[in-house]
Amino acid sequence: MLELNNVEVLYSDVILAVKGITARVPQGQCVTLLGANGAGKSTTLKAISNLIRTEDGRVTAGSITLDGTNITGANPVEVVRQGLVHVMEGRKVLRHMTVEQNLVVGGHMGSGREAKERLDEVYSRIKRLAALRDRTAGYLSGGEQQLLVIGRALMSQPKLVMIDEPSLGLAPLMVEEVYGLLSDLKASGLTLLIVEQNTRVALELADYGYVMESGRIVLEGPSGQLKSNEDVREFYLGLTVEGERKSFRDMKHYRRRKRWLG
Amino acid sequence: MDPAGIFSTSYRQDQSLIRTRNQAITLLLFIVALFALPMFAEVRSVAVMTSMLITAVVVLGLQINTGLAGQVNIGQAAFMGVGAYSTAVLASKLHLPFWLALPAGGVFAALFGVIFGLAAVRIKGFYLALTTIAAQILFHFFVLNLPQKWLGGSNGITMQPAELFGFKFESDAGVYYLCLVVAMIMIAGGYGIARSRHGRIFAAVRDDDVASGMMGINVVRTKALAFLVGAFYAGIGGGLWAYYVRFVTIDQFTLIHSIWFIAMIIVGGMGSITGALIGVFVIRMAQESITSMGPVLIERIPFLGGDLVFAAMNIFLGGIIAGFLIFEPRGLMHRWNIAKRSYRMWPYPY
Amino acid sequence: QATYNIAGIADFTGPFADVMKDITGCRRGVLDWWNDEVGKSLGVTLKVKEHDARYDVAQVASLWPGIKAELNPIAAWGLGGPDSNALQQRLPNDKIPLLLGTAGYGFAWKGDSWVFNARATYPHEAAGFYTWYQKKMGSAPLKVGVISSEVSPAYVDIHKGVERFAKDNPQVLEIVETIYTEAQPTDLTQQVSRLLRKGATVIQVFNNTASVVATRRALQSLGKGNIPLVVSAHNGLLSSGKALGDLNQMEGSYEVYGMAIPTDDPTTARAFFEKLRTQYKTQANFTSPCMMGLATSLLTVRAVEQVVKAKGPAGVTGADVRAALQTNAVPSERTFGVLPNVKFSNEAPFPTSGLAVNIGTIEKGKYKLIEQNAPVPNVNKW
Amino acid sequence: MSDLPGGKPPQIVLSANHLLLQFGGIVALNDVSIDVHADELLAVIGPNGAGKSSLMNCLSGFYRPKAGEIRLGEHSIRGMGTHEVAARGLARTFQGTHIFSGMTVIENLMVGRHLHMRTNLIQSFCHFGPAVREEVAHREAVEEIIEFLEIESIRHVPVGSLGYGLRKRVDLGRALAQDPKILLMDEPMAGMNTEEKEDLARFILDVREAKRIPIVLVEHDMGVVMDLADRIAVLDFGKKIAEGTPKEIQSDPAVLKAYLGEGVA
Amino acid sequence: MIDFLNYLINGALTGLLYALIAMGFVVIYRASKVFNFAQGELVVFGGYMVWWTVIQMGLPLWIGLPVAFVSAAIFGLMIERIFFARLVGESIFSMVMVTIGLLILIRGVVLVLFGPQVRAFPMVFPIEPLIFGDILISRSMLYGGLLTIAIGFGLSWFFNKTRAGLTMTAVAEDHQVAMSMGISVQRSIAFAWILGSILSTLGAMVHLSGRSINMLSSDIGLAALPVALLAGLESLAGLLLAGVLVGVIQGLASAYLDPLVGGAIGSVFPFIIMLLMLLIRPTGMFGWKTIERV
Ligand SMILES: Nc1ncnc2c1ncn2[C@@H]1O[C@H](COP(=O)(O)OP(=O)(O)OP(=O)(O)O)[C@@H](O)[C@H]1O
Ligand SMILES: Nc1ncnc2c1ncn2[C@@H]1O[C@H](COP(=O)(O)OP(=O)(O)OP(=O)(O)O)[C@@H](O)[C@H]1O
Ligand SMILES: [Mg+2]
Ligand SMILES: [Mg+2]
């Protein structure tokens, strides 16, 4: 459905943040993009939705296609109209507007009636939001905001949703709730591209995963396979080779293995 | 920034402005050239340079206040006016020597500025920017309506030329040197402030005043300080202006002047001292060349008529500013930095 | 043929842009005429070059040294405030006289000046009018309402001067109130009706045309169209009339200044202007701004004549021109009646003795001269 | 390390008593009290919206609690401005990123040194002798931290262009640059992968060892909390529902219900 | 007493005129987050459009005015096309600064197109005032005032209740977020400027009806500024209240204080009120409070 082939992204004409990555998100599947800080995950998503243009960045090489149509450097508005929504890092709610207004705006495309229906649909999917209708979004707690931005994305009836770190700063129960939501979205046939740091839950949900390091894809494969990959186990799941969790207290006396051999 | 291969070997060197010998030499030559200007350049350009230097001082203040500390200020001309009037009053009524009257003017302007600095503590963003317009209005009103004896009201104040050890700064060249020396001190100071502790807390408050507070920065004081510095520069500029024209009236310090000052820091690039200087240069050059183009055009194509030609000039001026913003919204300095960055990476493309 | 330059400072993009064309046009016209009919025989040619200073002191100040170096002028022509503000202090060193077509200001009332206003101050001119009008109306002192503004210090200077004159001459007039407006007043009905309730029988509007229009409209909407306004040269009856739609709307109002009134009446000034337009293709209309242009330029050329007659065509300097201006009276006929007899003294930048003003009005929709050379009483400094 | 040698009662560095904080209808903090002992790491956990950040904000003087008392060392800091609290030696890092995005990493850390710098405006203006010397001196201090956090490579990079995780690291560095008496950290590990969490955990342990300052840590990653914390306080709906050692907390039914959920442990 | 009533009523009406002009600011702000410094110039341009169609072309009002509004709208659109289309995604700040460039530019354009002369402005509203006993009210101001109230509430409803309005409000919240939702920031900005120009033309119509127009007419923009800030830059209905407040205080001040002071103190009052109000409520009476979560 979504295909990137060796895409390069350049910020303010000097910083090459993504150095040619190739990836594909098949229809109806959930793909996750893992990687260290500054690996270029968010950048990749911004490149797809072409929001990088607001940060003085641009795609300098490669192509991005959605259902066969080339959307490289397309107007973000077009991208959304094509059915691809980008939920940005850090729960970007419209802070001064109420929850309901946020959702209404999310459904700004299409007729008023459709919007109304979708609104009810979202409320029924995400029960919490219904209760918060008239609260000012800026004052919601982290989890509520995360649910809100996802709900807002749904308002535009997307075919594919890209979510940047949905579990960022969420409490365990909240993480479960959010991923619960994501998995039944997936079940209802929505295609998902998720950037995550919380590798465990991400790999639970995802069918396929990519691992980025400093702008390149260094590892990819079906999530099952990734889960069993040594490096992923060590660096992303924090498991010792024997498989039980390392204690964070041992960090001091622990030397990092040379990584990503082969 | 240094070309690839050159690295700083000490923190002092890493912090200093001038790193390589060539940079030092260029700077030196430039300064020499400035001092030699009246000897080779024709009168017109000396006069233009003089007004540029004065403007530079004022705009530098604006840059520190707005570009560095992020407190947008559209009342800079009013601050300049306060300085000019204070200097004029002190010099002509109390007969202070200029080396006292000039700084005093700066101080008075600074005091006036602090008032708005304190307002800036609660009022932020556009709201602040627009309240500083009030400075303009209040300045105008008070000068006109306070007793004539104090500020001359509608009469304005006439002044004698600045005088030092019997030398009168009266000739065009004389005034030029006066402005040059003062401006160079102020510019050096500008760089000093920008690079030291104070410049940093200004920028900190600009970027995130909540976090700054928790870094132990007294946000109230810092904002007030920013306005104080900015207004002080404006005041010094005003004082120079007073000694340049030797007659001050309110209509020399109007809102439109403030707006031009803003335009200059934009074109030059927000937050950079050098940028401010570039901005002043570019805009004043544009203005001057356009005002001198006018008469020429009229002589060439008389049927156009003066009104049309000169009106068209305004379109150019506005177009220049807008053009700069459209094609380099972050100002010339930003373009320059990018150039330097890629130059540093050279020969690698990115 | 010796050629001398004159520096023309113009304001094509500032507040006086609207009157600029006529001023510069008529200034040039006079030079064309003079070079052709007088200069040739004297062996002198005069040239003017205009610079736009936007009525902005900063512009004038930074332009001037260049102009001076480029043209080395023997005289400069300006408009008013900013020009004299920027230059008055340095002219004595530059040794170049600056001539202005506007009336003078109180703040310029200083001795030994290098600035010359063709006319006395606005308060002088107003005084001339009120003295005449008070006699016309009978014995009781006039009740005057003043519309002014603080947008420019010049306006403030004007009403301050007039207030002073009223204080010194209670038998002539009493000012019921001074009202302050913006550059473009919104509805003035309230303020004007207040003036009327305070008994104003004439309203002085010396600031700008917009204010004249607003005041006039206020009077009309109050059904008091018969109350006369008195205006000056820069917002005269013609331009105000045009701004109102047609001259009739200024019916019964007056304009006053120490220059010829640009009516269609067959005056010598009119004849002179016709000559300029027909013979010298002058691009301008016969308006009060044009009069300012004529006044400045005529004074200049007459002064130059004096100098040349005295020391020959060679080596005429700005100092000579100033000396000639200060020493020689210029009788009215030498300016084709554009100006009354003008005699500068060393005590002020404008003529202070033997002053007279002309008064124009609209009568039955026609713009006509109603009084010539009305004497100006003594006005004290304010 | 709460059981100090000699078993004498732990010395209390920071204490908040019966804090009450409201926003309109919402009660963000409801009679919350915590003590921070010398040289301990106190973790504060709780569901989203429980009031953890609000607590941090009260402690650092950003929010003014309606009622309650806050003491840093012996004197009360209630009602003080944030900069005064900071001046008394309290440093903090932020949930989300609150760094000075317009400046480079170095400059950010140098701002952290602000409290310890003395040059006045005039000296900065001249930028000679003392000003420069002070700059250099503090620059050395900052370089140590940079080395410690292993961010040498991005020294001169404008922070605005850094990824989320690196920003958080700079944030920590800035707090350390203040060399505080006590350090509050609000979700420092959010948005990091396990490896980076391990690094950060290492930094935290190092800080404790090197500087021996108490730390209050708000964090959602149970693994981190359970491993690093000496004591844990649990907030829920603005109330403190439990406090104790990781062991106790892990087995506390109320906590399991409100926060951990049955699954995690 | 009657005087007092007169000042009160007319002050209120003048205030509503300010509010109408200020609406230009707010609409543009509310749909693009850009504060337009060239508002006064837009007013002048709109005014000249009316002058041009009605006086110059001699069209009857009922044709001339619509034509004027349309051409003003086109002008607004052109501004967006030429200047802001390219700036989408750039910092708000640079957009705001572009309006400063516009200010200077439009002045030039107006000078070139319409010349500097003071022109007669058509008599859009009948000149004779309404008279109730001793109270007299200028019709242009009264009708203008009523119009302003209607528009104020209308726009307020549009921006707070309708989907289209909220969508633009989203743009005012954050361009990037709006884009991520597929909202066309560009369209929103275009709309803002079109609406802004139309409102300005309306303002010019009320302000100048039966008076005169030239460059200086742009000062009204400055006079309206305090009203916009007093109300808060996001609030449309609030403008009405703020306008009345400012208008009345200014009216009374200039009526009773000017003579005492011997100066135009009335004209500084709005700014003083504004300053005080902002010190108490930093985002005006009804503006969005800044949300600071740490
Ligand atoms: N606006 C920008 N300008 C310049 N460089 C940028 C910009 N945004 C990101 N970068 C650079 O691009 C690289 C990738 O950043 P990105 O935000 O995509 O990382 P990430 O994988 O999302 O990290 P994190 O997990 O912390 O969010 C980083 O090295 C960063 O320095
Ligand atoms: N400035 C504020 N104005 C209004 N309500 C606020 C404000 N700050 C916090 N709140 C409310 O107080 C409650 C506690 O918020 P707080 O941010 O402290 O929770 P938290 O425990 O930090 O949640 P998270 O784990 O998501 O950070 C929330 O309901 C929030 O909506
Ligand atoms: Mg990211
Ligand atoms: Mg929190």
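Nothing in this text is a laboratory measurement; each read-out follows from the coordinates by a stated rule. Quick caveat: nothing in here was measured; it's all calculated off a predicted structure. Heads up, the Cβs are rebuilt from the backbone with ideal geometry, glycines too, and the neighbour counts pull from every protein chain shown.
Of all the stretches in chain C, which is the longest one without any exposed loop site, taking trypsin sites (Lys or Arg not before Pro) in a DSSP loop (any state but H, G, I, E, B) with at most 16 other Cβ atoms within 10 Å?
Answer from the scan: C:1-94.
Starting from one equal scatterer on each C-alpha and no solvent at all, send me the Debye-based log10 I(q)/I(0) for the stretch D:108-191 at q = 0.18 Å⁻¹, two decimals.
Here the Debye-derived log intensity ratios amount to -0.82.
Just for the stretch A:2-228, what percent of DSSP beta bridges are antiparallel, to the closest 5?
Details: 25 of 43 bridges.
The antiparallel proportion sits near 60 percent.
Suppose we take every Cα in the stretch A:2-228 and form the convex hull; what volume per residue is that in Å³?
Working: hull volume 26.1 nm³, N = 227.
That works out to 115 Å³ per residue.
For the protein assembly as shown, what is the percent of antiparallel DSSP beta bridges, rounded to the nearest 5? It would help to have the intermediate numbers written out before the result.
On the way: 70 of 139 bridges.
Counting only bridges with both partners in the protein assembly as shown, antiparallel ones make up about 50 percent.
What fraction of the Cα pairs in the stretch B:76-211, stated in percent, has a spacing above 21 angstrom? The partial results should precede the final answer.
On the way: 5059 of 9180 pairs.
So the pairs more than 21 Å apart make up 55 percent of the total in the stretch B:76-211.
By DSSP, what percent of the beta bridges with both residues in chain C are antiparallel, rounded to the nearest 5?
Taking every DSSP beta bridge with both residues in chain C, the antiparallel ones total about 25 percent.
Specify the inter-centroid distance of the stretch C:264-308 and the stretch E:75-153, based on alpha-carbon positions, in whole Å.
Cα centres, the stretch C:264-308 to the stretch E:75-153: 40 Å.
Computed on alpha carbon atoms, what radius of gyration and Dmax characterise the stretch B:19-252, expressed in Å?
18.6, 57
Compute the semi-axes of the equivalent ellipsoid of the stretch D:1-160, taking the square root of 5 times each eigenvalue of the Cα gyration tensor, and list them largest first in whole Å. Intermediate values should be presented prior to the final figure.
Working: eigenvalues 227, 79, 64 Å².
Here the semi-axes work out to 34, 20, 18 Å.
What are the trypsin sites (Lys or Arg not before Pro) within the stretch D:75-131 that DSSP puts in a loop, where the Cβ has at most 12 other Cβ atoms within 10 Å? Present the calculation step by step, with values, prior to reporting the outcome.
Numbers: sites: D:78, D:88, D:92, D:113, D:118; in loops: D:78, D:88, D:118.
Answer by residue number: D:118.
Compute for chain E: radius of gyration divided by Kirkwood radius, i.e. Rg/Rh, restricted to C-alpha atoms, rounded to two decimals. Walk me through the numbers on the way to the answer.
Values: Rg = 19.1 Å, Rh = 19.6 Å.
Dividing the radius of gyration by the Kirkwood radius yields 0.98.
Which chymotrypsin sites (Phe, Trp or Tyr not before Pro) from the stretch B:227-300 combine a DSSP loop assignment with at most 15 other Cβ atoms within 10 Å? Mind dumping the intermediate values first?
Working: sites: B:227, B:232, B:233, B:241, B:243, B:244, B:247, B:253, B:260, B:261, B:281; in loops: B:253.
Listed in order of number, the matching sites amount to none.
Compute all pairwise cysteine Cβ distances in the protein assembly as shown, then list the cysteines with no distance under 4.7 Å to another cysteine.
By the Cβ distance rule, which asks for a partner under 4.7 Å, the isolated cysteines are A:30, B:179, D:58, D:126.
So for chain D, averaging the separation of alpha carbon pairs under 8 Å that are six or more residues apart and normalising by length, what relative contact order in percent results? Show your work: numbers first, answer last.
Working: 454 pairs, mean separation 72.0, N = 265.
Across chain D, relative contact order equals 27 percent.
Between the DSSP loop rule and a limit of at most 14 other Cβ atoms within 10 Å, which GluC sites (Glu not before Pro) in the stretch C:290-370 are left?
Numbers: sites: C:305, C:333, C:347, C:363; in loops: C:347.
Taking the stretch C:290-370 and a limit of 14 other Cβ atoms within 10 Å, the loop GluC sites (Glu not before Pro) found are C:347.
Looking at chain B as a GNM with Cα springs under 10 Å, which of B:28, B:102, B:68 has the largest mean-square fluctuation?
Maximum among the listed residues: B:28.
For a quick size check, give me the Cα extents of the protein assembly as shown along its three principal axes, largest first, whole Å.
117, 74, 65
Determine the shielding of peptide B:214-226 by partner chains: average, over its residues, the number of Cβ atoms on other chains within 10 angstrom of each Cβ. Kindly include the intermediate steps, with their values, before the conclusion.
Details: counts 20, 17, 18, 7, 7, 3, 2, 1, 2, 0, 0, 1, 0.
Average per residue, whole number: 6.
Using only the alpha-carbon atoms, how far is helix C:268-280 inclined from the longest principal axis of chain C? Give it as 0 to 90 degrees, nearest 10.
50
Percent relative contact order of the stretch B:19-252, based on C-alpha pairs within less than 8 angstrom and at least six residues apart? Don't jump to the answer; show the numbers that get you there.
Values: 359 pairs, mean separation 95.3, N = 234.
Averaging sequence separation for qualifying contacts and normalising by length gives 41 percent for the stretch B:19-252.
Please report the spacing between the Cα centers of the stretch E:197-227 and the stretch B:55-120 in Å, no decimals.
33
Could you compute the longest span of chain D free of GluC sites (Glu not before Pro) located in DSSP loops and having at most 12 other Cβ atoms within 10 Å, not counting the site residues? Walk me through the numbers on the way to the answer.
Details: sites that count: D:74, D:150, D:262.
Here the longest run is D:151-261.
In what sequence do C:290, D:126, A:30 fall when counting other Cβ within 10 Å, fewest first? Don't skip to the end; give the middle numbers.
Working: C:290 28, D:126 18, A:30 23.
The most exposed by this proxy come first: D:126, A:30, C:290.
Report, to one decimal in Å, the Kirkwood hydrodynamic radius for the stretch C:1-84 based on all distinct Cα pairs.
Working: mean 1/r = 0.0748 Å⁻¹.
Over the stretch C:1-84, the inverse of the mean reciprocal pair distance is 13.4 Å.
How big is the gap, in Å, between the Cα center of the stretch D:202-225 and the Cα center of the stretch A:129-188?
Between the Cα centre of the stretch D:202-225 and that of the stretch A:129-188, the gap is 30 Å.
For chain C, calculate the relative contact order in percent as a whole number, restricting contacts to Cα pairs under 8 Å that are 6 or more residues apart.
Numbers: 820 pairs, mean separation 82.5, N = 382.
Normalised by residue count, the contact order of chain C is 22 percent.
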